[in-house]
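Trainee: Structure in structure tokens, see below.
The numbers here are math on the coordinates, done by the rules we state, and not lab data. Bear in mind the structure is a predicted one, so any value in this text is a computation, not a measurement. Virtual Cβ from ideal backbone geometry, glycine too; neighbours counted across all protein chains shown.
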Amino acid sequence: MQSRSSAILVAFGLILVGTPSIAQVPFLGSCPHMEVVQNFNVSAYLGKWYEQQRYFAIFELGAHCVTATYTDEGNGVVGVNNENTNVATNRKSSIKGEATLVGKNGEAKLKVVFPSVGNFGAPYWILETDYTRYAIVWSCSGLLGANAQFAWVLTREKNPGLEVLAEIKEQLEKHNVPARPFLKTKQICEDN
């Protein structure tokens, strides 16, 4: 017989499958407080990033060679272009959106909207970045006494060195981002 907590998590997980703005990794309780980058430099963050790790998300099912490219669209809007290759079909796909800063006093809190899947905004918080080697991105949404979290590790290089990976691991621990749900993103593609 399932415990009440397990039943809530299963029900919450089923709700999330149809909700593209929410992660597929459920936790009990409200979203935890997370510290984000202060005095965020949007210009330094722009450019191409390679996804190294991610929490499972239904919309990234079968995706490898995942990249995110951020561009300055003017008036405080950041263009978002996410690209990937499907591991089963080898077909490339992309989705374009927009991000706007919503953090106060230079906090690295953004809201991302992908118009092709709906006009709702998803939180995009940058917990840590040095702008030139890595970024740790986190998102959380609460519902019915539980929360669902996304987390991504992005790097500027397709295959970062051990020193960078060790620093990322240290930063994940510092921010109490659970490491167990992370999935390694395969970056074995010729043209990304």
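Trainee: Measure up 48/92; 111/184; 104/169; 104/184 against 22 Å on the Cα-Cα distance and list the ones that go over.
Mentor: Going by Cα-Cα distance, 111/184; 104/169; 104/184 fall outside the 22 Å limit.
Trainee: Tell me the net charge near residue 130. Cut-off is 15 Å between Cβ atoms, residue 130 excluded, with +1 for each Lys or Arg and -1 for each Asp or Glu.
Mentor: It works out to a net charge of -1.
Trainee: Moving to a separate point now. Please list log₁₀ I(q)/I(0) at q = 0.18, 0.30 Å⁻¹ for segment 146-192, using the Debye equation with identical point scatterers on the alpha-carbon positions.
Mentor: Relative scattering, expressed as log10 I(q)/I(0), comes to -0.67, -1.33.
Trainee: At 10 °C and a viscosity of 1.306 mPa s, what translational diffusion coefficient does Stokes-Einstein give for the chain, taking Rh as the Kirkwood radius over Cα pairs? Give it in µm²/s as a whole number.
Mentor: So the translational diffusion coefficient is about 92 µm²/s.
Trainee: If you line up the Cα atoms of segment 61-154 on their principal axes, what length do they span on each, largest first, in Å?
Mentor: The Cα atoms of segment 61-154 stretch 44, 37, 29 Å along their principal axes.
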